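Following: one structure in C-alpha cells, then a few remarks.
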Amino acid sequence: MRAFNRPSAILRFSPLALAAFALAADIVPLGVVSSASAGELPAIASRQRTEKKSFTDAEIVDGFFKTAFGAEYHLAGRVDRIRKFDEPVRVFAETDRADRKAQLARVVADIGKHVQHLDIAMADSSEAANVRVKMVRDRDLYRTIASFYGAEKAREIRTSLDPQCLSGFRKNDQFEIEHSDVILTVDVGDFTFLDCAYEEVLQSLGPINDTSSVPWTMFNDNVSMGYFDVYDQYILNLLYDPRIKAGMTVPEVREVLPDVLADVRAWVKRVNDLKE
C-alpha cells in the first residue's frame, strides 16, 4: 500500500500481497463476483476469530504516529503534520456495479459506526461529495491513474508499485483535507475488494502512511484484513478526536494524547463490546 504527494496532495496505492489471494478461499473468479458482506466471507471470519484486540498504550501510540505522519510516496516533500477532514465526509461511488456500490456503502456505514467523532456517509452525487470513489476494471486501472495524475506519473506508479487500488487527497495550507479520490478495481473477489475498500477509504481520511513494523494494522503491506479491525479503530478514533487538530506536529500531539487515548479506549471498548 503506497502513497505519493503532488503539490498540496498525497496519493497512496495498494499492491495487494500475494498472500491475500492465497488465504482468501472465498475469492470468486474474475467477472463472477458476488455481493457478500464482510461478515459472510470465510477469509474474513477466520481473521476476526483470531484477531488481537488487546493492546498497550505504547502499541497504539506507536501505530498512530507511524501511520498519521509522513507519506510513503510524495512529490511535495515529507510533511510531518496531522492531516484530516475538518468537516462532514461525504462519499460518492462512481460505478455501474450496483453490488460493489452496496458493498462500499456498508463499508462507509461501518466506519461511521466505529469512529466516534467522524461524520461520514454516502452522497447522492459527485457534487455533494468530498470523497470520490471511482470503480474500474483492472484493465482500465492504468488509464484511470493517468487521467487523474498524468501519463508520466502513471508510468512511474505502474513500474515501481503495480497497484491494485489507490487513494489520494488534496489538503489546504492548514493541512485540512479538502478532497479525496479513491480508485478501486471491481473485477476481483469479494475479499480483495473489501480489503481494498476499507484500507483506501480509511487512508483517504488521513492516516496515509503505511508501515511494515506494526503487525496489527491493515496499513501494512504484509497484512490483509477485509474489515475494520480493533487496532485501526484506535488509530482512526485518535485522529478524529477534536483535540487532535489538522496541522499539529508530533510534539503537539504528544502533549494531548494521554487524555485523548483514555477516552478513545473507553469508546472502542464500548462500541466493540470488548471484555477488557
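Some values worked out for this structure:
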quantity	calculated
Pairs beyond 31 Å (Cα-Cα), from Lys53/Lys171; Lys113/Lys153; Lys52/Lys171; Lys134/Lys275; Lys66/Lys113; Lys84/Lys269	Lys53/Lys171; Lys113/Lys153; Lys52/Lys171; Lys134/Lys275
Separation of the Gln48 and Asp119 label points, Cα + 7 Å toward Cβ, nm	2.9 nm
Extension gain (nm, one decimal) between Asn222 and Glu255, 0.36 nm per residue minus Cα-Cα	8.7 nm
Potential extension, Lys153-Glu276 segment - 0.36 nm per residue separation minus Cα distance	39.6 nm
Loop-resident sites, region 127-159, for GluC sites (Glu not before Pro), counting at most 13 other Cβ within 10 Å (DSSP)	Glu127
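Each value in this text was obtained by applying a stated rule to the coordinates, not by laboratory testing. Just so we're clear, the structure is a prediction, and the values are computed from it rather than from any experiment. Heads up, the Cβs are rebuilt from the backbone with ideal geometry, glycines too, and the neighbour counts pull from every protein chain shown.
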